[in-house]
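Q: Quick one: the structure is below, questions incoming.
What follows draws every value from the coordinates through simple rules; no lab data is involved. All figures in this text were calculated on a predicted structure; none of them were measured in a lab. Positions of Cβ are generated from backbone atoms using ideal geometry, with glycine treated the same way; all protein chains shown enter the neighbour counts.
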Amino acid sequence: MHGLVLTIALLMIGSARAQVDTSAQNLMVVVREAIGANQNSETLEPLGRGRLKLSDGREFEFELAAFLLLGDMQIRFVFDGPQFMSNAKPQDRARLGLAPAEALALAVANIKRVYGDPVAKPWEMGLMQVEGRSPDLDSSYVLDRAFWRHLLREHPEGLVVAVPKRGALLFTPANEEAKVQWLPDNIARLHATSGKLRVSSALYLFKDDRWTVFQSPRSE
């Protein structure tokens with residue numbers, strides 16, 4: 001199960017779901033934490049079914065269109081709504097006729113169309129932060145391969161990337177040793193203090209057109 005954790009608020013939205021457009025043009029993707037996972041290679045492995053216990057003791061199963069990605073990151077497909085994002089289910093992806101990789105490419109394209117292309121701006125300690133027009137989706141730009149390929153042309157030595165929480169997608173060229181050395185403890189601290197917004201305690205390397213784990217997730 002890779003520690004898939006959800007709040008009741010994300011699940012108990014059946015009646016409100018009817019208000020959300022569930023067409024392909026409204027499909028998007030968010031990056032969330034897969035607690036306890038430590039996936040060394042990039043993948044799209046379905047997370048499968050989970051169980052949720054309510055306060056009255058009742059339990060029920062659920063399954064979302066969610067996939068383990070890399071390190072302790074999972075991706076979750078959603079439909080964008082005016083008040084909230086509605087979780088997509090495996091049946092939604094099947095209805096749209098999309099394989100996981102196709103759904104991911106479409107979801108990233110939809111984010112860029114609605115919320116803009118990612119922009120790199122200076123952050124603390126000389127690091128760069130990636131932003132769009134919606135802070136909650138900034139972390140999703142880690143999935144925009146075209147953006148990272150463009151940066152890689154300037155930095156063929158590779159890019160060390162951190163996604164400690166939503167709204168904090170950070171990177172530095174791999175050859176900037178002082179910045180790379182600053183990252184592990186400080187990113188772990190930012191991740192640990194971000195509560196429900198946290199995403200990943202790991203560091204990642206984008207090089208040679210592929211993602212790998214630069215430093216494994218911190219254990220709880």
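Q: Starting with the highest mean, order 131-140, 27-36 by the number of other Cβ atoms within 10 Å, averaged over the residues of each peptide.
A: Details: 131-140: 19.1, 27-36: 21.9.
The peptides rank, most packed first, as 27-36, 131-140.
Q: With point charges of +1 on the Cβ of Lys and Arg and -1 on the Cβ of Asp and Glu, referenced to the Cα centre of segment 82-146, which listed residue (Ala101, Gly132, Gln83) lies farthest in the positive direction of the dipole?
A: Ala101
Q: Let me ask something else about it. Can you run phi through the Karplus equation (6.51, -1.76, 1.60; θ = phi - 60°) for segment 72-89 and list ³J(HN,Hα) in whole Hz, with x for Gly and Pro?
A: 10, 9, 10, 10, 9, 7, 9, 10, 6, x, x, 10, 7, 9, 8, 5, 7, 10
Q: If one takes the longest principal axis of the Cα atoms in the chain, at what angle in degrees, from 0 to 90 and to the nearest 10, does the Cα axis of helix 100-115 lie?
A: 80 degrees
Q: To continue, here is another question. Given the options His150, Ala188, Pro173, identify the residue whose Cα lies farthest towards the positive end of the charge dipole of segment 142-198 (+1 on Cβ of Lys, Arg; -1 on Cβ of Asp, Glu).
A: Sorting the options by dipole projection puts first Ala188.
Q: Using the Kirkwood radius over Cα pairs, work out the Stokes-Einstein diffusion coefficient for the chain at 10 °C and 1.306 mPa s, in µm²/s as a whole number.
A: 89 µm²/s
Q: Here's a follow-up. In whole Å, what is the distance between the alpha-carbon centres of segment 73-124 and segment 157-220?
A: Distance between centres, Cα-based: 21 Å.
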